[in-house]
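Step one of this worksheet: look at the structure below.
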Amino acid sequence: MNFRKLFIILGLFICTVSYSQNKQILYGFAEMPNTLMLNPGAETNFKYHAGIPFLSGLSLNIGSSEATISDLFLADNSSFTLKFKNLIGKLTERDFLDLNTKVEILNAGYRLNEKMYLSFGLYQEIDFIGYYPDDIVSSLFYGNGTNVDKTIYFSQLKFRGDVIGVIHAGLSYKVNKKLNIGGRFKIYSGSLYMSSKNNSGTFSTIKGDNNIYKSYLSNININFNTSGLLDDNNRINVGVKDVIGNTFLSKNIGVGFDLGFTYHYTPQIEFTGSILDVGFISYSKNVKNLSLVGNHQFDGVEVQFDENNTDYWSPINKDYLAELDSEFKANIPREITTNSFISWRPIKFNGAVRYSFGRARTNKECYDETYKEYYNNSVGFQLYAITRPLSTQIAATMFFEKSIGEKFSAKFTYTANDYSMSNIGVGVSTQIGIFQMYGMVDNVFKLSDLTEAKSASLQFGFNLIFD
């Protein structure tokens, strides 16, 4: 396999696999302390909690808006090349990679009084989104010959990714028996960042006079912003130790906040909502910004060979590639700057309505302000949205939650999103003494054969809860 095909396959894999930030099973589930990270206005009824370091909240979500592993590696009589052509034939510029992983390094909380519960901690987050550049991949794979008179748009080149550390503190406040509100303040520390967006320009090929093809790069304006990615020689040099070490010690600092609420319309009807990560990071450390601006016409190269030379692959004009490179740099120069820039965090929205029914039980604590009735069963509907460069991504979830006693709960979800219209999820939470643990999995009907799944998700955590 040549390097061009290897590059295309790697790029295709990156641009079709996606990780979702939506945690629809965890949101509002079993009133665990981890739900405060999705809604700072969620209700709590314990005195204090402490998450097991590095294990209080771990999540892995993987999916694809269109492709599956079997599209390329299914054992049938079709060749890999044919499978690959079929796959890129059905992908469009709206298919994307959306990666988010989060590790809660520390998560703890303490009840200040009947009305207020303070929670705090720190976590590390990786966030990336990249859209599939349909025109560019097709041009690289098929070459100019099949793209004559076709315009390739560099505006399809869109991606953004970072590795950050977050220190946070939040307060959940009980206004009255019906309303609970909350907020969380965050300090961001940026370790690694890369993005390319708002690009423009086109590449087109027509039949020329002197050579077979004539190509045009018109109105090129391509930008890359990076921090912690390139070394002094402008080469990609990312050290794992440096990335981890700079997660909480970086000079790339930002701030943000979360807001949320819980409102009991009646004892059995509940509304909740939250807005998360309204904030930014100012990048000024290890910054390298690259830009390509200009126009270029390429008439092709006539490679001349010596007819008397038995080595057919030894051209007379051996410097033609260097000449091409020099001509390209003269017409579309590359500029590298170290100017600081601001990156806004992707804002997330959650909203849900819940109806509870069945056998009622009293609150765990006898605080007058936090008293409410609990029911063994509940059903509801949730909406989730996140702002992204191309468009806002939306997911809708219906759920059923069942409690057995006060220490065990199960939740079942059906979610429709960009990956699937038939995603079934299951989550369980149990508490033994002060030790509480939970586990959740998405797309359960595809677990027996993940090669056919467009998405899969796993979440788990361990906490110490003191009632």
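For region 114-124, putting each phi into the Karplus relation 6.51 cos²θ - 1.76 cosθ + 1.60 with θ = phi - 60° gives couplings of 4, 9, 10, 10, 9, 10, 7, x, 8, 8, 10 Hz, in residue order, rounded to whole numbers and with x for Gly and Pro. Taking amide H positions as modeled 1.01 Å from N, with prolines and chain starts lacking one, the residues under 5 Å from F341 and 5 or more places away or on another chain are Y283.
Putting +1 on Lys and Arg Cβ atoms and -1 on Asp and Glu Cβ atoms, find which of I164, L112, F128 reaches farthest to the positive end of the dipole of region 97-207. Highest projection toward the positive end goes to L112.
For V255, nonlocal amide neighbours, meaning residues 5 or more places apart or on other chains whose placed amide H falls under 5 Å from its own, are Y188, F280. Measuring only protein heavy atoms, the 1.4 Å probe finds V444 accessible over about 40 Å². The residue among Y216, G245, S196 whose Cα reaches farthest toward the positive pole of the charge dipole of region 195-246, with charges on the beta-carbon of Lys, Arg, Asp and Glu, is Y216.
Rounded to the nearest whole Hz, the Karplus-based 3J(HN,Hα) values (6.51 cos²θ - 1.76 cosθ + 1.60, θ = phi - 60°) of region 97-106 follow the sequence 9, 9, 10, 8, 10, 9, 10, 7, 6, 9, with x at glycine and proline. Given a Förster distance of 60 Å, report the FRET efficiency between E114 and D232 from their Cβ-Cβ distance, rounded to the nearest 0.05. The pair E114/D232 has a calculated efficiency of 0.55. Listed cross-link partners K23/K411; K177/K348; K186/K407; K178/K348; K178/K407 are compared with a 22 Å cut-off, the Cα-Cα value being larger for K177/K348; K186/K407; K178/K348; K178/K407.
Here region 166-307 is treated with +1 on each Lys and Arg Cβ and -1 on each Asp and Glu Cβ, and its dipole about the Cα centre works out to around 1200 debye.
Quick check on packing: order 104-110, 90-96, 337-343 by the mean number of other C-beta atoms within 10 Å, highest mean leading. Numbers along the way, then the final one.
Values: 104-110: 20.1, 90-96: 17.0, 337-343: 13.3.
Listed from highest to lowest mean packing, they are 104-110, 90-96, 337-343.
Were the residues from K177 through L58 laid out at 0.36 nm apart, the gain over their Cα-Cα distance would be 39.6 nm. In this structure, A360 and A416 have a Cβ-Cβ separation that, at R0 = 35 Å, corresponds to a calculated FRET efficiency of about 0.65. The slack in the chain from E335 to N219, taken as 0.36 nm per residue of separation less the alpha-carbon distance, amounts to 40.2 nm.
Maximal additional length on extending the V426-I167 stretch stands at 90.2 nm, based on 0.36 nm per residue less the C-alpha distance. The modelled label-to-label distance between K207 and F435, using points 7 Å beyond Cα along the C-beta direction, is 7.7 nm. What whole number of Å gives the distance from the Cα centroid of region 110-179 to the Cα centroid of region 237-281? The two parts, judged by their Cα centres, are 11 Å apart. A 1.4 Å probe, protein heavy atoms only, puts the accessible area of E406 near 100 Å². Computed from phi, the 3J(HN,Hα) profile of region 251-257 under the Karplus parametrisation 6.51, -1.76, 1.60 (θ = phi - 60°) reads 8, 8, 10, x, 9, x, 8 Hz, with x in place of Gly and Pro.
The values are calculated or read from the model by the stated rules, or taken from the named source; none is laboratory data. All figures in this text were calculated on a predicted structure; none of them were measured in a lab. Neighbour counts run over all protein chains shown; Cβ positions are idealised from the backbone, glycine included. In case anyone asks, the SASA skips ligands and DNA or RNA and just uses the protein heavy atoms, side chains included. Shrake-Rupley method; radii C 1.70, N 1.55, O 1.52, S 1.80 Å.
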